[in-house]
Structures are given as C-alpha cells and as structure tokens.
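Novice: Got a structure for you, questions after.
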Amino acid sequence: MELSDNTLEKIKVLKAKYASIGQDLDAYLDGLIYANPLTYWDYIEVDALLSLQKPKTDFPDEKIFIVYHQITELYFSLISHEIEQICKNGKNISENGEDLGWFDELSPKFFIERLKRVNKYFEALTHSFDIMRFGMEKEQFTKFRMSLLSASGFQAASYRYIEIACTDLKYLVHETKRDELLNGDIHEQLDNIYWRRGAIVEGTGEKTLTLVDFENKYLEKFHEFADEYQPMNIWKKFKNLSEEDQKNPDIIKELRELDVNVNINWPLIHFRTAARYLAQAGGESKGTGGTNWQNYLPPRFQRRVFYPELWSEQEINEWGKLWVEEVFADHLKTEKKLPK
Ligand code: HEM
C-alpha cells in the first residue's frame, strides 16, 4: 500500500514533534496500533458522572436538588475556565497543537468573545433555575432539606472564586465597611467581604456553623487566589486596555451584562426560589445555612456592583430594584406576607 505525500508529511511532522521532547516516534506508533478506539462513555466518563448523586433520604425529588446543584457547579467551572483565559490573555497554541504558554497581551476581540461566553453560561443558569423553583414538591423539599443541615449553597466556593476574579475586592467589601476600606490592602478587604458578615446568627452576632466550616476549608485558599487574581482581574484587564479600547461599546456592553448577570439576575431568581420554598404561611423558615436570608439574599440590599464606573449614579441607586419590587409583589400575593 502506497503512502500519500500528505501522510508522509504528517509522519515527518510527528517525528520532529517527538524528537523535540526526546521521544521515539516508532514506540508511539506501536501504541497507536494496540490502542482501542475511543468510546463516548469512556471519554465523557458517563459511569463516573452518574455515580455522583447520593441522596440522603428516600424522597425522589432530592435527586433533582442534587443534580441541579451539580449542573450549576459544572457551569461555574466553565465560567472560571473562560475567566482564567481572559485574565491570563488567552492560550497560545501552535498549529501543531503545542502549548506555547499565554499571550503577552489581551486582544480586545478575545476579551469580548470570552465575556460573551461567560454571559451565555450565566444566562443559561438563570433561565434554567425554574427547574429548582417549580421542579420539586414543596412538601418533599421541606422534609429532605432537614437532613442536609448545615450544608448550604452558601458554601459554593466556585461562586466566590468567580467574584474574586471578576473585580477589585474593594467592590466586594460589605456595604458598611466599603468606604473605609476603599484603599485598603486586598487581604483586609477579603476579610471584610460581604458574605462573611452575611452568615451571622441574628441576635448573638456569632458566625453560623455553615460559615465556620466554609472558612476553615476555603478562607486561606481565597487569600492565595486573591494574591494571584487581583492584579489581573477582569476589571484590571479592562483598565489596562488602551483608552480607545476602553470606549469600545461591545466591551462595555459585555461587562455591564456580566455585572447584571452575576449581581442581579442570578441572585434574584435564586432568591425567588428560596422565597417559594422557605416562605411559610405563619413565618419564614431559616435556610439550611441559618442566615436571615430575606435580608441577606436580595441584591437590592447587598448592592454588589462589579463595575461601578460603568453605571450612572441613578442606575446604582436603583440596583436590582425593579426586579425586587416584582418579587416582593409576588410574595405578597402568594404568601400574604412581605419579607422584613
Ligand atoms: C430550592 C433551592 C434553593 C434554596 C431554597 C436555596 C436557599 C438558599 C439560602 C436560604 C441561602 C442563604 C444561606 C443560608 O441560610 O443557607 C442560599 C445561599 C446561596 N445559595 Fe442557595 N438555594 C437553593 C438553590 C441553590 C442552587 C441550585 C445553587 C447553586 C449552586 C445555590 C447557591 C447558593 C449560593 C452561591 C448562595 C450564597 C449567595 C450569597 O452569598 O449571596 N442555591 N441559598
């Protein structure tokens, strides 16, 4: 059998590739001869994936709760994957598929494309949240959640990593400390991040067990991550663009969308869901993490804004307001009780 010029050329490229890392092409060709073809189930790890749902009770709807959280984690992982590429300027991969490290500069085109991806993932999450909101029987949820104490989505580290990589920590400081720490050190800012003050037992001021466990596992890692990502977070990448590129309406549009997606749309659909399951005729149930969630979760109250320079004063003052009014009106209609 004759080998075409094309095939011979590829063999030459392969030989050079393996020689450059001190390897013998012939041995690798032997490997190809013996290897089985790849299958879908091995590549996607279907069996491993489907073995990861381990309900704590026999209520069938608990599986929906677990799977939807896992789906969210996978999306968060895709989001972090894109954010890393933005922050590090994109991977330079040679024509032969060789990893040549990161580019030296971020191209505006790449910035826009990757921000678009991040926004698409957040939109997918926001739109699909109805799977949680209406997809479980409230009676089942109310029971199986009791076997999950004190675990809470509050402990989703992936969400916190995304926030730290998106903006300057000064914007994530709890509202009461924000002005004071505006020019503070990033570690002091991280120590005063909004969620550390959110998970406090009302009355005693003590940290909830959910927060204590979360901090024990992740706080140090968040500090290390802040050291790495604060100098190159998405806001810094924007500010490092040329003056002209900073006026690019496509970049501004994507950054504003990101702000709305992370700090209004997702938190609000999530809050709406919490209200549906936790609001009760005679009072409000505590979340599994024990926060005063009616006051903690609404974006209108937290007013987290990644990119305040891209919004007018009025837009910031009305952050999340329309949505929240709608949610509260709904709440009033269905539960005959407004969150405090
Ligand atoms: C029926 C569904 C859900 C309910 C009732 C619910 C309820 C709550 C509550 C009450 C809190 C405040 C902390 C606490 O007291 O536990 C919280 C926080 C949180 N939950 Fe959920 N949640 C639900 C679904 C989800 C899903 C699917 C995710 C995806 C990972 C998630 C992620 C989060 C995050 C990231 C926070 C922290 C938010 C912040 O700090 O602003 N939750 N949730």
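The values are calculated or read from the model by the stated rules, or taken from the named source; none is laboratory data. Since the model is a prediction, treat every value here as computed from it, not as a measurement. Virtual Cβ from ideal backbone geometry, glycine too; neighbours counted across all protein chains shown. What goes into the accessible areas is simple: the full protein's heavy atoms, side chains included, and nothing from ligands, DNA or RNA. Shrake-Rupley method; radii C 1.70, N 1.55, O 1.52, S 1.80 Å.
Novice: So, counting K/R as plus one and D/E as minus one, what does the shell of residues with Cβ under 13 Å around residue 225 add up to? Kindly include the intermediate steps, with their values, before the conclusion.
Specialist: On the way: positive: 160, 221; negative: 84, 163, 220, 224, 227, 228.
Here the charged neighbours net out to -4.
Novice: Semi-axes, largest first, in whole Å: what does sqrt of 5 times each Cα gyration tensor eigenvalue give for the chain?
Specialist: 42, 28, 19
Novice: In degrees between 0 and 90, to the nearest 10, how far off the longest principal axis of the chain does helix 25-34 point, with axes built from Cα atoms?
Specialist: The helix 25-34 is inclined about 70 degrees to the chain.
Novice: Taking the alpha-carbon centroid of each part, what is the distance from region 285-306 to region 250-267 in angstrom?
Specialist: 19
Novice: Another question, then. Roughly how far apart, in whole Å, are the Cα centres of region 177-196 and region 52-101?
Specialist: Cα centroid to Cα centroid, the span is 29 Å.
Novice: So how tilted is helix 157-166 from the main axis of the chain? Cα-based, degrees 0 to 90, rounded to 10.
Specialist: 80
Novice: Keeping all protein chains in place, calculate the accessible area per residue for region 197-270 (probe 1.4 angstrom), answer in Å².
Specialist: Values: 3750 Å² over 74 residues.
Normalised by residue count, the accessible surface of region 197-270 is 51 Å².
Novice: Calculate, axis by axis, the spread of Cα positions in region 151-288 along the three principal axes, and write the results as whole Å, longest axis first.
Specialist: Its Cα atoms span 57, 30, 26 Å along the three principal axes.
Novice: Something else: Just the ratio, please: alpha-carbon radius of gyration of region 33-174 over 2.2 N^0.38 Å, N its number of residues.
Specialist: Ratio of Cα Rg to 2.2 N^0.38 Å: 1.36.
Novice: So what is the calculated 222 nm ellipticity per residue for the chain, using -39500 (n - 2.57) for each DSSP H run with n of 4 or more, over all residues, to the nearest 500 deg cm²/dmol?
Specialist: Estimated from H runs of four or more residues: -17000 deg cm²/dmol.
Novice: Are there trypsin sites (Lys or Arg not before Pro) in region 155-256 that DSSP marks as loop and that have at most 12 other Cβ atoms within 10 Å, and which are they?
Specialist: When the trypsin sites (Lys or Arg not before Pro) of region 155-256 are filtered for loop state and at most 12 Cβ neighbours within 10 Å, 247 remain.
Novice: So if the hydrodynamic radius of region 129-190 is defined as the Kirkwood radius over C-alpha pairs, what does Stokes-Einstein give as its diffusion coefficient at 10 °C and 1.306 mPa s, in µm² per second?
Specialist: Translational D for this selection: 108 µm²/s.
Novice: State, as an integer percentage, the relative contact order of the chain based on alpha-carbon contacts under 8 Å between residues 6 or more apart.
Specialist: Contact order relative to length: 18 percent.
Novice: Ignoring ligands and nucleic acids, what accessible area does residue 51 show with a 1.4 Å probe (Å², nearest 10)?
Specialist: Counting only protein heavy atoms, the figure is 60 Å².
Novice: Could I ask something else about it? Using DSSP loop states and a limit of at most 16 other Cβ atoms within 10 Å to flag GluC sites (Glu not before Pro), what is the longest stretch of the chain containing no flagged site?
Specialist: 207-317
Novice: What does the accessible area per residue of region 19-127 come to in Å², with a 1.4 Å probe and no ligands, DNA or RNA counted?
Specialist: Values: 7520 Å² over 109 residues.
So region 19-127 comes to 69 Å² accessible per residue, rounded to a whole number.
Novice: Can you tell me the 0 to 90 degree angle between the C-alpha axis of helix 209-229 and the longest principal axis of the chain, rounded to 10?
Specialist: Once rounded, one gets 50 degrees.
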